[in-house]
Structures are given as structure tokens and as C-alpha cells.
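**Q** One structure coming up, written as C-alpha cells, with questions to follow.
The values are calculated or read from the model by the stated rules, or taken from the named source; none is laboratory data. This is a predicted model, so every value here is computed, not measured. Neighbour counts are summed over all protein chains in view; Cβ atoms, including those assigned to glycine, are modelled from backbone coordinates with ideal geometry.
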Ligand code: ADP
Ligand code: MG
């Protein structure tokens, strides 16, 4: 089931006099393709949950439309939309067993949709098998780990075979190891069921690792929609470049003159097609090559051995995000006796952004 968001906007009126209204979601246009796992990514308060709640029907938009397939669901109450919801706090009923928790949404079915106890138990077992907790059906939530509880919550969301699965920061309450495991699990379940899924997270690595497509948001406004690799490789603006990647992209104040990029006094790269101007320069940590004749020169601070590769920490006067972090292969040995370290730059890993609107400037 594809989901279409058409100019979707949610404005919360100001609570305090003199304060502006909150544009939680502002003119969101997107067609989520059928069967995809799409990530809504952005910092806290950027409008991810509001977007999800608009899709589920828990919130009504100020303006704009939502379609599931060809159906306009904008005015449909949540229970008639066929969505499965999973939240950060699993919100299981503590006095019910796993089986009863998963069956619960089926008990609400009325009229000719009403199911017998046996059929409900059968469906609950199917959903439990999908998330691999079918051996725990008689346990209570407090007898399970956080990861298992979240699986129960996912099974409960799946038991009615929703048209759309909506997950709001489902991994945030889990410890690091379970978070990794459970995110793989979500990917697997989504693949097996083929249910169109929207996954909200503030964690870029989480979004990158499991989503088919990522929507990056800031202040209620969509910044970029693309595959994880493209969002990383071709950020449309400085915000997106800074939000994705660990360690984060290094940002410098630079300038372009005669199609050459200057950081400080040194011309560090040819940038054909860019007009003379001051720019922000983003350089990914893996964009540096150790080179004793390299034009980029920074004050060496220390070298951290990471095993597979090496992290070089240095300082540069033009850097906005000091220290400069460079990741180089472990075979490349840094002369640690020197005061400075020199690099050449990989053009594909260097991004220029306009100082006017922070949009990316293309160069050859
Ligand atoms: P996120 O999920 O990305 O952290 P939210 O969608 O929860 O962000 O919130 C987006 C913005 O809308 C925030 O500025 C938040 O304070 C505001 N907001 C959310 N819900 C309400 C509400 N019920 N009333 C007023 N403002 C709200
Ligand atoms: Mg939220």
C-alpha cells in the first residue's frame, strides 16, 4: 500500500501570548512506495512523531491530504485506517500474558468481523512466530527482556495485518546490543510481510542501516528524501551533511577563487564550475589521504588506533568543528614527531555549501 502525503501541514497554535505558532510539520509532500521501509530522521522536535501521528490519524492535519493507495484517509479515524502502531515504551498490559496482549486488538472487532477465541489465539500465534516469541506466549511482560517486550508490541501491531506499520523510535528503550538485534529484526519482519513501514528515529546510523529510503527533517520541513547512500554521498545542504555520518563531517570556512578551493591560504582542490565566493567546506573523515606533499595542512594533535583504521586528530584555524577528524587506513603511518600533518583530499568526499542558503554547490 503506497502512502501519499500531499502538502501535509500541522500547526499547533501558540500557548503563550507573544510566542509564534509551532509549525510542527510544514508542507510535507512525499509518495511512500508500496512495500518500502522509510525512515523519518531528524533531531528531537523536528516533527517526526507529528508526521507519524498524522499518518495514523491520532492527529488531524491543519491542511493537506493523506492517501493510502487511492483512498483519501485524511478524515478517517485511526481505527478505520488499518495501521499498526509501535511506540518507544512498548505499552503492554502488565497483567496480561503475551498471548492476551497480542490478541487484544482482535477483541475490538465487532459485528461480522468478530472472531472466536480460537481464531484469535491462532492469529496471535502466527504474529508471535513472525517476531520469534512464540515460545513465550504464557509469560507476563515483566518476565521478559526489553527486546522481547518490544517484539510483543510489534506482534500486537501486526496481528490485524495492517496496511501500514508505523514505528516511533521503537529501539530507544533498548540497550546497545538489543538495539542492533532488534533493528535487524524489524528489517526482516518488514521484508517477510512486505508491509509499507514508516520508522521514526533520531539516530542516523539506525536509519541508514535498515531503511530503503530516508526522509531528513528539520523544524518541520523536509530537507532531503533519498536512499541512505545518496543522502550520505550527495547531501543537499549543510544540515543534512552534518546530521549523517560518524564521526561527523568536518566543516571549514573556505573560499573559491578562479575555480580553486582555498582553506586558509592553501589551494586544496580544483572546483570547476563554482563562482568566486566564500563557502562552507564539508570534508568527510574518510576524505583525507595522508600525503607529505598534500596541500591541506593541520596541526597534529594525536593519533588514535582503531584497529582496522586509524583516526588522526588535528586542528585547523579555518575549521568550524575543531578538532579535525580524519580516518585513514591503518597501513598509512603518521609521523607523530612532526608538528603538522598533511593530507590530499578526495574530491568525492568534499562538499561545498553556499554561505547564503547553505545549499550544496556542485563542482567538477
Ligand atoms: P519529534 O518527534 O521529531 O521529536 P514532534 O513531532 O513530537 O517532534 O514535535 C514537533 C514540534 O511540535 C515540537 O516543536 C513540539 O514541541 C511541537 N508539538 C508537538 N506536539 C504538540 C502539541 N500537542 N501541542 C503543541 N506543540 C506540540
Ligand atoms: Mg518524537
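**Q** Kindly check whether there is at least one residue in the range 327-338 that is under 32 Å from the mean Cα position of the chain (by Cα), in contact (Cβ under 8 Å) with a residue 60 or more places away in the chain and over 15 Å from residue 247 (Cβ atoms).
**A** Scanning the range 327-338, I find no residue that is under 32 Å from the mean Cα position of the chain (by Cα), in contact (Cβ under 8 Å) with a residue 60 or more places away in the chain and over 15 Å from residue 247 (Cβ atoms), so the answer is no.
**Q** (1) within 20 Å of residue 130 (Cα to Cα); (2) surrounded by fewer than 21 Cβ atoms within 10 Å (Cβ to Cβ); (3) within 16 Å of ligand 1 (Cβ to nearest atom): which one isn't true of residue 192, the others all being true?
**A** (3)
**Q** Another question, then. Going through the range 39-62 one residue at a time, which ones are within 26 Å of residue 226 (Cβ to Cβ) and more than 16 Å from ligand 2 (Cβ to nearest atom)?
**A** Correct list: 61 only.
**Q** Among the residues of the range 274-302, which ones are farther than 17 Å from residue 349 by Cβ and in a loop (DSSP other than H, G, I, E, B)?
**A** Once the filter is applied, which keeps residues that are farther than 17 Å from residue 349 by Cβ and in a loop (DSSP other than H, G, I, E, B), the range 274-302 yields 275, 276, 292, 293.
**Q** Suppose we keep only residues that are touching a helix residue (DSSP H, G or I) at 6+ places or on another chain (Cβ under 6 Å) and away from ligand 1 (no atom under 13 Å from the Cβ) within the range 33-60. Which one would you say is farthest from residue 81 (Cα to Cα)?
**A** Ranking the qualifying residues of the range 33-60, first place goes to 37.
**Q** Going by the structure shown, is residue 259 at pLDDT below 95, surrounded by fewer than 17 Cβ atoms within 10 Å (Cβ to Cβ) and out of contact with any helix residue (DSSP H, G or I) (no Cβ under 9 Å at 6 or more places or on another chain)?
**A** Here the answer is no, as residue 259 does not meet what is asked.
**Q** Further, regarding this structure: Going by the structure shown, is residue 26 farther than 15 Å from residue 207 by Cβ and either within 15 Å of ligand 1 (Cβ to nearest atom) or free of Cβ contacts under 8 Å to residues at least 24 places away in the same chain (or both)?
**A** Judged against the criteria, residue 26 is a match.
**Q** Under the condition of being in contact (Cβ under 8 Å) with a residue 60 or more places away in the chain and at positive phi, which residue from the range 149-201 is nearest to ligand 2 (Cβ to nearest atom)?
**A** Taking the candidates together, the pick is 169.
**Q** Of 77, 43, which residue is out of contact with any strand residue (DSSP E or B) (no Cβ under 8 Å at 6 or more places or on another chain) and exposed (fewer than 15 other Cβ atoms within 10 Å of the Cβ)?
**A** Sole residue among the options that is out of contact with any strand residue (DSSP E or B) (no Cβ under 8 Å at 6 or more places or on another chain) and exposed (fewer than 15 other Cβ atoms within 10 Å of the Cβ): 77.
**Q** Residues in the range 289-298: is at least one closer than 19 Å to residue 236 by Cβ and either surrounded by 19 or more Cβ atoms within 10 Å (Cβ to Cβ) or free of Cβ contacts under 8 Å to residues at least 12 places away in the same chain (or both)?
**A** So far as the range 289-298 goes, no, none of its residues is closer than 19 Å to residue 236 by Cβ and either surrounded by 19 or more Cβ atoms within 10 Å (Cβ to Cβ) or free of Cβ contacts under 8 Å to residues at least 12 places away in the same chain (or both).
**Q** Can you tell me how many residues within the range 300-321 are surrounded by 15 or more Cβ atoms within 10 Å (Cβ to Cβ) and at pLDDT 95 or above?
**A** 11
**Q** Got a sec? Which strands (runs of 3 or more DSSP E) wholly within the range 212-273 have at least 1 residues that are without any contact (Cβ under 8 Å) to a residue 40 or more places away in the chain and in contact with a strand residue (DSSP E or B) (Cβ under 8 Å, 6 or more places away or on another chain)?
**A** 221-226, 250-257, 260-263, 266-270
**Q** A further question on this structure: Mind checking whether some residue in the range 4-13 is touching a helix residue (DSSP H, G or I) at 6+ places or on another chain (Cβ under 6 Å), more than 14 Å from ligand 1 (Cβ to nearest atom) and at pLDDT 95 or above?
**A** No.
So that you can scan it fast, the table gives a plain yes or no per residue for (1) under 24 Å from residue 197 (Cα atoms); (2) at pLDDT 90 or above; (3) loosely packed, with under 15 Cβ neighbours inside 10 Å:
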{"residue": "81", "(1), (2), (3)": "yes, yes, no"}
{"residue": "85", "(1), (2), (3)": "yes, yes, no"}
{"residue": "97", "(1), (2), (3)": "no, yes, no"}
{"residue": "101", "(1), (2), (3)": "yes, yes, no"}
{"residue": "109", "(1), (2), (3)": "yes, no, yes"}
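**Q** Being more than 23 Å from residue 54 (Cα to Cα), modelled with pLDDT under 95 and either in the same structural domain as residue 83 (by TED's automatic domain parsing) or surrounded by fewer than 17 Cβ atoms within 10 Å (Cβ to Cβ) (or both), is that true of even one residue in the range 155-168?
**A** Checking the range 155-168: not a single residue is more than 23 Å from residue 54 (Cα to Cα), modelled with pLDDT under 95 and either in the same structural domain as residue 83 (by TED's automatic domain parsing) or surrounded by fewer than 17 Cβ atoms within 10 Å (Cβ to Cβ) (or both).
**Q** Give just the number: which of (1) surrounded by 23 or more Cβ atoms within 10 Å (Cβ to Cβ); (2) more than 14 Å from the chain's Cα centre (by Cα); (3) at pLDDT 95 or above does residue 186 not satisfy?
**A** Condition (3) is where residue 186 drops out.
**Q** Is one or more of the residues making up the range 73-91 touching a residue at least 24 places away in the same chain (Cβ under 8 Å), more than 16 Å from ligand 1 (Cβ to nearest atom), touching a helix residue (DSSP H, G or I) at 6+ places or on another chain (Cβ under 6 Å) and farther than 30 Å from residue 231 by Cα?
**A** Yes, the range 73-91 has at least one match.
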